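Read the structure below first, then the notes.
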Amino acid sequence: MENIEEQLHSLHLEDLRNGSHPSIFDQNDDYDMLIVRLPVIKDVLERNSLGFIITKSESYFY
């Protein structure tokens, strides 16, 4: 099977690599992309973006 990163649109890959990307759900023909931006409370409020790729047969945490 092809590496999942090779299947992704280049702009989606940039979005997944962006640690401060806002939450988004994007449906595509070959995969869906979900980015969830969550607050993290430490000494100060921080934000953490978590990315997921969902295909018909598998899902990936980025």
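Miscellaneous remarks
- Residues that are part of a strand (DSSP E or B), at pLDDT 95 or above and touching a strand residue (DSSP E or B) at 6+ places or on another chain (Cβ under 6 Å), drawn from segment 23-47: Ile24, Phe25, Asp26, Asp32, Met33, Leu34, Ile35, Val36, Arg37
- Residues that are closer than 17 Å to Asn3 by Cβ and either surrounded by 10 or more Cβ atoms within 10 Å (Cβ to Cβ) or of a type in the set (Asp, Glu) (or both), drawn from segment 34-59: Gly51, Phe52, Ile53, Ile54, Thr55, Glu58, Ser59
- One residue from Tyr31, Tyr62 being touching a residue at least 24 places away in the same chain (Cβ under 8 Å), more than 11 Å from the chain's Cα centre (by Cα) and surrounded by 10 or more Cβ atoms within 10 Å (Cβ to Cβ): Tyr31
- Identity of the residue in segment 1-24, under 9 Å from the mean Cα position of the chain (by Cα) and aliphatic (A, V, I, L, M), that ends up surrounded by the fewest Cβ atoms within 10 Å (Cβ to Cβ): Ile24
The values are calculated or read from the model by the stated rules, or taken from the named source; none is laboratory data. In this text the structure is predicted, and so the values were computed from the model without any measurement. Counting neighbours? That spans all protein chains shown, and the Cβs are built from the backbone with ideal geometry, glycine included.
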